[in-house]
Amino acid sequence: MSGGLWLAIVCGAAALAYGGWQISWILQQPTGNDRMREIAQAIQTGAMAYLNRQYTTIGVVGVILFLVIGLVPGLGWATAWGFAVGAILSGATGYIGMNISVRANVRTAEAARVGLNEALTLAFRGGAITGLLVVGLGLLGVAGYYAIMVTSASPGAAYSEVIKPLVGLGFGGSLISIFARLGGGIFTKGADVGADLVGMSTVPEVIAARHSGIRVLGISCVTNMAAGTTDAPLNQEDVLETAARIKTQFIALLSAVIPRISKAIA
């Protein structure tokens, strides 16, 4: 392999190593009092319910597209496996990033008790995990699969044919990213509406949205916890019910998008 290819692989591995070190540092930070941990657990429950349902639905779509790409004569199984690599790496980025973000929330709130600089430092590092994973896994995925294609190519094969499977890798990564953005947009916007209504309504769903939705990025969570305004009764059933409604909206969106994708491929 060329020096540039090794450099890309080393940079990708370095990004993942630094991200892993940051994750370890974040998880070692204090999580506050019992009430803060209770609210943080509800946020994590709602976020994980959303993520699991979203990736289950996307996984079904991904398997179908994997088979379609592999069976199309002009693409083949090399492109299909490239699609699988891109989709898996993109999905792992979103899943791990969301998990760390929701765990950084309560730690950022606790750090805000010490000072603004401590809170901003922790919030920045918690949000940077997703960016590091995008860069690290992206470099490793593209460089690694390119190396496999080049080393396994038959002698005399056209270079354009050798790198064609990389199209599948890019497609897989982009597809999962689009679905994650659409679903995440529905999830956070629905939560923001609930957060805006807090204080003006006593509807249980609104209170549940306040505890489950929103606080994925941790900014409003810091403000409310530091001000001591998160004292509404916490009902796990309401939290899960609100998450289920958001998932229903996401599934309806997928139902509208998937036929268009299938038509475009056909």
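The values are calculated or read from the model by the stated rules, or taken from the named source; none is laboratory data. Quantities reported herein were computed from a predicted structural model and do not represent experimental measurements. Quick reminder, even Gly has a Cβ in these numbers, built from the backbone with ideal geometry, and neighbours come from all protein chains shown. Heads up: the accessible areas ignore ligands, DNA and RNA and are worked out on the full protein's heavy atoms, side chains in. Shrake-Rupley method; radii C 1.70, N 1.55, O 1.52, S 1.80 Å.
Observations on the structure shown:
- Along principal axes, Cα extents of region 111-157, largest first, whole Å: 65, 9, 9
- Electrostatic bookkeeping for Arg37 treats Lys and Arg as +1 and Asp and Glu as -1; over the other residues with beta carbon under 13 Å from its beta carbon, the sum is 0.
- HN-Hα J in Hz across region 3-11 - Karplus 6.51, -1.76, 1.60, θ = phi - 60°, x for Gly and Pro: x, x, 5, 5, 4, 4, 5, 5, 5
- Each principal axis of region 1-120 carries a Cα extent, and these read 60, 40, 17 Å when sorted largest first.
- Sequence-separation-based contact order of region 1-155, relative, with Cα cut under 8 Å and 6+ spacing, percent: 41
- In region 1-44, the portion of solvent-accessible area held by carbon and sulfur atoms comes to 66 percent [1.4 Å probe, whole percent, DNA, RNA and ligands not counted].
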